[in-house]
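The values are calculated or read from the model by the stated rules, or taken from the named source; none is laboratory data. From a predicted model like this one, the values you see are computed outputs, not experimental measurements. Here the Cβ positions follow ideal geometry from the backbone for every residue, glycine too, while neighbour counts run over all protein chains shown. Ligands, DNA and RNA are stripped out before the accessible areas are found, and what is left, the full protein with its side chains, is counted by its heavy atoms. Shrake-Rupley method; radii C 1.70, N 1.55, O 1.52, S 1.80 Å.
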Amino acid sequence: MTKKRKNLLKQIVMYTILFIMTIVIFYPLLWTFGISLNPGNNLYGANMIPENWSFTHYKWLFTDSQSMYLTWYKNTLIVAALSSFFSVVFVTLTAYAFSRYRFIGRKYGLYAFLILQMFPVLMAMVAIYILLNTIGLLDSLWGLVLVYVGGSIPMNAFLVKGYFDTIPRELDESAKMDGAGHFRIFFTIMIPLAKPIIAVVALFNFMAPFMDFILPRIVLRSPENFTLALGLYNMVNDQFANTFTRFAAGSILIAVPIAIVFLFLQRYLISGLMSGSTKG
């Protein structure tokens, strides 16, 4: 087989795999969007392309007095924004310390980060519940933010530390010769050069509250404090609930803020995803 035919065969296989993956990803999304446009509430009578489509369910989510969708949306945006911001702050500071400082316990601290990533979050749920109950942050959005921020540090700090290690130390030394301190080096040299990996950390921590159900289910109790995942689950989990089309409409709208943040950060994401994890 000639080289030209081999390249053609590779391209055919590659595009076939991409086509199959596109179908696997978009087919459920199209069904969900189609269900949300069906005028009725019954899931079994819904079609992916309804004949009499309407935006009734979207209107209900935002205008009906019985709907708490706007409250859940606001709660999720607050938790996502705060978790993303504070995670970036603490992760970058922690990663900078492990990358540029030499102190007792540094090596074992990195090992601890790796070990903590081996255990699922479910193992800590009982401890998280007791801790939040002790400090009075149970059924509180601030308690949820605290758990998200604390849980993001081990994995993300190790990732960002690997990216910081790729930045030449000569830049630090040149800045120190000009009289710059550690904080000035951190904010004027490290942060601007590490924008790609910081964008990755910000996006991942922004997405987590929108998709997480288990942690809000354990921490939150009051309906007015629910996040979107928990609120939509309870919408269809009631004994006599028949709101699957409304559930589909609410699920589709979850993607809007994530898409906006992704588009805002996309110029940094590709290089950030490919860096950090390869060196450390």
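Hey, what do the phi angles of region 141-155 turn into as Karplus ³J(HN,Hα) couplings, whole Hz, using 6.51/-1.76/1.60 and θ = phi - 60°, x for Gly and Pro?
For region 141-155, the Karplus-derived couplings read 5, 5, x, 5, 4, 4, 5, 4, 5, x, x, 7, 5, x, 5 Hz, x marking Gly and Pro.
Using only helices, what value at 222 nm comes out for the chain when you add -39,500 (n - 2.57) per DSSP H run of length 4 or more and divide by the total residues, to the nearest 500 deg cm²/dmol?
Result for the chain: -23500 deg cm²/dmol, rounded to the nearest 500.
Using a 1.4 Å probe and counting only protein heavy atoms, arrange 172, 178 so the residue with the most accessible area comes first.
The most accessible residue leads, giving 178, 172.
Let me know the shape class of region 202-264, please: from the alpha-carbon gyration tensor, a ≥ b ≥ c as square roots of the eigenvalues, rounded when a/c is under 1.5, otherwise prolate if a/b is greater than b/c, or oblate.
In terms of gyration-tensor shape, oblate.
Treating the angle as unsigned and between 0 and 90°, give the value, to the nearest 10°, between the Cα long axis of helix 195-211 and the longest Cα principal axis of the chain.
Once rounded, one gets 30 degrees.
Once you order the gyration tensor axes a ≥ b ≥ c over the Cα atoms, which shape class does region 57-111 get: rounded for a/c under 1.5, otherwise prolate or oblate by comparing a/b with b/c?
Cα axes put region 57-111 in the prolate bin.
Using only Cα atoms, find the angle between the long axis of helix 125-134 and the longest principal axis of the chain, and express it within 0 to 90 degrees, rounded to the nearest 10.
That helix lies at roughly 80 degrees to the long axis.
How large is the dipole of region 103-246 about the Cα centre if only Lys and Arg carry +1 and Asp and Glu carry -1, each at its Cβ, rounded to the nearest 20 debye?
160 debye
If you put +1 on each Lys and Arg Cβ and -1 on each Asp and Glu Cβ, how big is the dipole of the chain around its Cα centre, in Debye rounded to 20?
Taking the Cα centre of the chain as origin, the dipole is about 1240 debye.
Taking Cα Rg over 2.2 N^0.38 Å straight from the coordinates, which label in (i) 1.00; (ii) 1.24; (iii) 1.11 is the correct one?
(ii)
How would region 1-160 be classified by its alpha-carbon gyration tensor: rounded, prolate or oblate, with rounded meaning a/c under 1.5 and the a/b versus b/c comparison settling the rest?
It comes out oblate by the Cα gyration axes.
Can you tell which of 140, 130, 113 lies farthest toward the positive end of the dipole of region 20-155, using +1 and -1 charges on the Cβ of basic and acidic side chains (Lys, Arg; Asp, Glu)?
Final value for the positive-end residue is 113.
What ranking, highest mean first, results for peptides 205-217, 155-167 when packing means the other Cβ atoms within 10 Å averaged over each residue? Show your work: numbers first, answer last.
On the way: 205-217: 18.8, 155-167: 21.4.
Per-residue mean Cβ counts within 10 Å order the peptides as 155-167, 205-217.
Go through region 106-115 residue by residue and turn each phi into a ³J(HN,Hα) via Karplus (6.51, -1.76, 1.60, θ = phi - 60°); whole Hz please, and just put x for glycine and proline.
4, 4, 6, x, 5, 4, 5, 4, 5, 5
What accessible area per residue, rounded to a whole number of Å², is obtained for the chain using a probe radius of 1.4 Å?
61 Å²
Of 21, 245, 174, which is farthest along the charge dipole of the chain in the positive direction, counting Lys and Arg as +1 and Asp and Glu as -1 at C-beta?
It is 174.
Residue by residue through region 248-257, which ³J(HN,Hα) values in whole Hz follow from phi under the Karplus form 6.51 cos²θ - 1.76 cosθ + 1.60 (θ = phi - 60°), with glycine and proline marked x?
5, 4, x, 5, 4, 5, 4, 6, 5, x
Whenever you get a sec, compute what percent of the accessible area on region 1-109 sits on carbon and sulfur atoms (1.4 Å probe).
70 percent
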